[in-house]
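For reference, the structure discussed in these notes is given below.
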Amino acid sequence: MAGQRPLPRFPEPDTEPFWEATKQHELRYQTCNKCGEIIFYARRHCPNCGSDGTSWHTSKGEGMLYTYSVIMQSRHPAFADLGPYALAYVDLDEGFRIMTNIVGVDNPVTDITIGMRVKVRWEDQGDGEVSLPMFEPA
Ligand SMILES: [Zn+2]
């Protein structure tokens, strides 16, 4: 039986609004109220100007595959039974980049190409604590 993926441990004040939203399958990101920077992953302060005034937004969950690598085998118990899987960066249409997995393909070696359109597919974890944003071909 596969183990559980590493998951966030709460309380985690800076990123908890992001993880709370995943339960409703909402992919949230921040913008800076002062300089307009698009902020992802979730943080307390803007990485551009240092302001702590940020606003939350919900992404449509659509974007483009920026780059990827296929992991052929992993000894971590959560990944050992997966077979080859794709670790990827996806550029969301709203202007931020997320590290994720590409799912919903038969063969990640041949079925994934840089630049392809992808959309979010939520994978609920174990006891419903959080859901993880994966991406599949759009
Ligand atoms: Zn800023």
**Message:** Please verify whether ASP91 is charged (D, E, K, R), under 23 Å from TYR29 (Cβ atoms) and outside the structural domain of LEU27 (by TED's automatic domain parsing), treating the condition exactly as stated.
**Reply:** yes
**Message:** Restricting to the stretch 25-65, give me the number of residues that are closer than 27 Å to ALA138 by Cβ, within 15 Å of the ligand (Cβ to nearest atom) and not in a strand (DSSP E or B).
**Reply:** 3
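Of everything in the stretch 40-82, what is more than 12 Å from TYR29 (Cβ to Cβ), within 16 Å of the chain's Cα centre (by Cα) and in contact (Cβ under 8 Å) with a residue 24 or more places away in the chain? Give them in sequence order.
The initial filter retains those residues of the stretch 40-82 that are more than 12 Å from TYR29 (Cβ to Cβ), namely 44-53, 62, 64-82.
Remaining after also requiring within 16 Å of the chain's Cα centre (by Cα): 62, 64-69.
The answer is GLU62, MET64, LEU65, TYR66, THR67, TYR68.
State yes or no: is PHE18 within 16 Å of the ligand (Cβ to nearest atom) and either in the same structural domain as PHE135 (by TED's automatic domain parsing) or touching a residue at least 24 places away in the same chain (Cβ under 8 Å) (or both)?
On the way: within 16 Å of the ligand (Cβ to nearest atom): no; either in the same structural domain as PHE135 (by TED's automatic domain parsing) or touching a residue at least 24 places away in the same chain (Cβ under 8 Å) (or both): yes.
It is false that PHE18 is within 16 Å of the ligand (Cβ to nearest atom) and either in the same structural domain as PHE135 (by TED's automatic domain parsing) or touching a residue at least 24 places away in the same chain (Cβ under 8 Å) (or both).
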**Prompt:** Conditions: (1) surrounded by 16 or more Cβ atoms within 10 Å (Cβ to Cβ); (2) without any contact (Cβ under 8 Å) to a residue 40 or more places away in the chain; (3) within 21 Å of SER59 (Cα to Cα). ALA86 meets all but one. Number of the miss?
**Reply:** (3)
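The values are calculated or read from the model by the stated rules, or taken from the named source; none is laboratory data. None of the values given here were measured: they were computed from a predicted structure. We place every Cβ from the backbone using ideal geometry, glycine too, and count neighbours over all the protein chains shown.
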